[in-house]
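Chemist: This is the structure, below, for whatever I ask next.
The values are calculated or read from the model by the stated rules, or taken from the named source; none is laboratory data. Source: prediction; values computed, not measured. Note that each Cβ is placed from the backbone with ideal geometry, even for glycine, and that neighbours are counted across all protein chains shown.
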Amino acid sequence: MRSLCVTTSISLLLTATCFHLTYAQVYPADFAQVLVANVIPNPTVMAFAPDGRIFVAQQNGNLWVIKDNAKLATPFIDLTVNSSGERGLIGIALDPDFSINNYLYLYYTVPGASAHNRISRFTANGDVAETGSELIILELDPLSSATNHNGGAMHFGKDGKLYVAIGENANPANAQNLNTYHGKLLRINKDGSVPDGNPFTTGSEQRKRVWAYGLRNPYTFAVHPETGRILLNDVGQSGWEEINDATTGGKNFGWPTTEGAFNQTTYPNFTNPIYAYPHGADDGEGCAITGGTFFNPTTTNYPSGYVGRYFFQDLCNKWINTLDLSGSNAVRASFATAIAGNALSITLGNDGNLYYLSRSAGALYKIIYNNTTAPFITNQPADLVISEGQVANFSVTALGTTPLTYRWQKNGVNIPGATSATFVINNAALADNGEYRVIVSNISGDVTSTEATLTVMLNVIPVAEIITPVLGSTYVAGTDIDFSGSGTDVEDGPLAASALSWAINFHHDTHNHDQPAIDGVSSGSFLVPNEGETSDNVWYRIILTVTDSRGSTGKDSVDVNPQKSTLNFATNPPGLQITLDGQPLETPASVVSVEGILRSIGIITPQVKDDVTYSFESWSNGGAQTQSLATPADDITLTAQFSTIVGTEANLYDGIISLFPNPSRQDHVTVSIPSSREQMVKIRLVDLLSRDIVAIQKELHAGDNPVPFYYGKINKGMYSIVVELADKTISKRLVVSD
């Protein structure tokens, strides 16, 4: 494949930027990555057709077909989508009978006032979608202003059902709410209806489609081609990335209460990940798990030791790791490092090779194994178009018995001293124009690369200038950021708006969330969501790229940082817990937050500290028990007031109210309640997150009242029986065992 590099100017730094980028990747011996196709900005996901074609989705709504190692000129389909943040065209699944019915399923964000994600079926007509063939399978729940955590992965299981992974839309409470699709893995029929065998058979339509829940942003998952095992890759928040086994329906993976591995005794109703890796900067650490695949090919030339492993990748740290799943515990091993940036969607191809996408390179790569002695070129030198005075950089990568030697040539003539894998021309001149190639040799033979054309132009690099926002600008969530800029060129003069392109990148910790460029405008604005990422280590980078009539580009950029304030939390008495965005938080606590961002603040009630049970009374701001608070401009302190529950100490009620049996192995207990008069009582069964499971009301008479309390079949673990009388509330612990 011939690739092209073009001139780029960033401030005062002149470089040659290639559409085909060569990375100093590190693979095991005899492995290498090979470019399959490029010029695919913001790729999101891919899928293989039985005939070997590769469907690659672009976030902006284009679905491309890669055929015979080349991207076709016409997209399979061009959907109108909302591509803000992590929205857009983000899921593909081919029907198991694709060879017969040509059905293909897409997951994309519908634009408009009520933005939401949609699953639709399309019919292929050769390499394009049949006009008018869209059949809407399922409309998902409305999205908030948060543009992240959409999930989008889709695969058919061995049972013929379509599994769909959906993020919690940056609202952690959604993950535990079975009446919304957000934060779930769904299992549906091909037509979107509810199939037999799902774990929740009654209730809302959303609940009946849920296969697993308690998920944050399950961006990818994989189905074992032989056993049907489902491993779900859930992107974490601040500490851990998870791989969860969702083969069996009904599992709760714990978000937002847990992240990473946890003590099963503490949370008996949650399921631990089979593997979790921490955030960090080393191999095996990262920021976001963005791909995973079972390596069980029909045929492959990879060494047999890799068959049966689970390959997975991280967005930030440019590595691919493997899991050995043969034992009771998953065992991690390193496979590759320093691969192309912002990698995602690692997939096993029909040919027995691994493939993955790179958002940084806008490219599709294949990982090959070639246990050869003679030299074999894996990445060819690329054509290069630059301006006079710039640096020209050619490179090649090759496999073969080492040592390898290199001999670069211009127009078929050896270049003195050009004997490494890269060849650099500093301060290129018109006389350097020509055809460049390299001969790679070792003891077993040699191979000659394809020729790369160097074109040096008498052309001054255009200058990009961002006018607004100015350096040092700040933002508040929920408000607009305006941008404007211009481009000038010595040869062309002032550049028209059509020559301008804007990138709005949202940075979070060590990674960024890019999105499709805004082309052809000299000014505009975008709304900063007031829901979504709650970290304070965030900012926007606005990049303006201008292109002159000869294709040379210049860039300018500016960072816009958030205004922040501190949320201080306390309880009275001190040391009790609250919840912040659904996660338990020990008080006192101080949290730095971006101004304007909505934070969900709640209470765990009742809760026990030092053998005393406390019940929530009020917040110091007069808000509801669970409230949504826009982070104010000034620091704020919120105090939760609790009262002691009468009956939890040595008093009449604690001494007489009893549960039998406790622990219980039945579907009910008897609650014995003394009463000095006739009155109504309400009895509730709540879990450790203070969620009601079942409740009854009953009239008491004077004297002892044995009340049968039926709760049905529930998971084993610790619960609370809350007895609400006219003048007091008493909480008793109930242990449900096998």
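Chemist: Scan segment 308-331 for residues that are more than 20 Å from G362 (Cα to Cα) and touching a Ser or Thr at 6+ places or on another chain (Cβ under 7 Å) and jot them down. Outline the logic, then answer.
Modeler: Residues of segment 308-331 that are more than 20 Å from G362 (Cα to Cα), as a first pass: 308-311, 321-331.
Correct list: G308, R309, Y310, F311, N321.
Chemist: Same structure again: Check whether at least one residue in segment 348-365 is out of contact with any Asp or Glu (no Cβ under 9 Å at 6 or more places or on another chain), charged (D, E, K, R) and not in a loop (DSSP other than H, G, I, E, B), and report yes or no.
Modeler: No; the residues of segment 348-365 include none that is out of contact with any Asp or Glu (no Cβ under 9 Å at 6 or more places or on another chain), charged (D, E, K, R) and not in a loop (DSSP other than H, G, I, E, B).
Chemist: Now for a separate question. Can you tell me how many residues within segment 235-246 are in a loop (DSSP other than H, G, I, E, B), touching a strand residue (DSSP E or B) at 6+ places or on another chain (Cβ under 8 Å) and either free of Cβ contacts under 8 Å to residues at least 12 places away in the same chain or within 29 Å of A281 (Cβ to Cβ) (or both)?
Modeler: Count: 4.
Chemist: Filter segment 711-728 for residues that are crowded, with 20+ Cβ neighbours inside 10 Å and among the β-branched types (V, I, T); which is nearest to M680 (Cα to Cα)?
Modeler: V723
Chemist: Looking at segment 129-140, which of its residues are closer than 17 Å to G91 by Cα and surrounded by fewer than 16 Cβ atoms within 10 Å (Cβ to Cβ)?
Modeler: L135, I136, E139
Chemist: Sticking with this structure for a sec: Please go through segment 424-457 and pick out each residue that is more than 16 Å from G412 (Cα to Cα) and in contact with a helix residue (DSSP H, G or I) (Cβ under 7 Å, 6 or more places away or on another chain).
Modeler: Of everything in segment 424-457, those that are more than 16 Å from G412 (Cα to Cα) and in contact with a helix residue (DSSP H, G or I) (Cβ under 7 Å, 6 or more places away or on another chain) turn out to be I425, V456.
Chemist: In segment 568-622, which residue that is in a loop (DSSP other than H, G, I, E, B) and hydrophobic (A, V, I, L, M, F, W, C) is surrounded by the fewest Cβ atoms within 10 Å (Cβ to Cβ)?
Modeler: The selected residue is I604.
Chemist: Go over the candidates S444, S387, S449, S420 one by one and state the one that is in contact (Cβ under 8 Å) with a residue 40 or more places away in the chain and exposed (fewer than 15 other Cβ atoms within 10 Å of the Cβ).
Modeler: S444
Chemist: Just checking, how many residues over segment 216-234 are touching a residue at least 60 places away in the same chain (Cβ under 8 Å) and either within 19 Å of N171 (Cα to Cα) or part of a strand (DSSP E or B) (or both)?
Modeler: Looking only at segment 216-234, we keep the residues that are touching a residue at least 60 places away in the same chain (Cβ under 8 Å), and these are 216-233.
Those still in the list that are either within 19 Å of N171 (Cα to Cα) or part of a strand (DSSP E or B) (or both) too: 216-223, 230-233.
Within segment 216-234, residues that are touching a residue at least 60 places away in the same chain (Cβ under 8 Å) and either within 19 Å of N171 (Cα to Cα) or part of a strand (DSSP E or B) (or both) number 12.
Chemist: If the Cβ limit is 7 Å and pairs must be 6+ apart or interchain, which residue in segment 497-511 that is in the same structural domain as S549 (by TED's automatic domain parsing) pairs with which residue that is surrounded by fewer than 17 Cβ atoms within 10 Å (Cβ to Cβ) and of a type in the set (K, R)?
Modeler: N505/R541; H507/R541
Chemist: Scan segment 271-289 residue by residue and report those that are touching a Cys at 6+ places or on another chain (Cβ under 9 Å) and crowded, with 19+ Cβ neighbours inside 10 Å.
Modeler: H279, G286, C287, A288
Chemist: For segment 688-738, give me each residue that is closer than 27 Å to T257 by Cα, β-branched (V, I, T) and not in a loop (DSSP other than H, G, I, E, B).
Modeler: Across segment 688-738, the qualifying residues are I693, V694, I721, V722, V723, T729, I730, V735, V736.
Chemist: Any residue that is within 30 Å of the chain's Cα centre (by Cα) and hydrophobic (A, V, I, L, M, F, W, C) - is there at least one of those in segment 547-562?
Modeler: yes
Chemist: Follow-up. Report, by residue number, each residue of segment 686-710 that is in contact (Cβ under 8 Å) with a residue 24 or more places away in the chain, surrounded by 14 or more Cβ atoms within 10 Å (Cβ to Cβ) and either more than 23 Å from N174 (Cβ to Cβ) or in contact with a Gly (Cβ under 7 Å, 6 or more places away or on another chain) (or both).
Modeler: L700, N705, V707, F709
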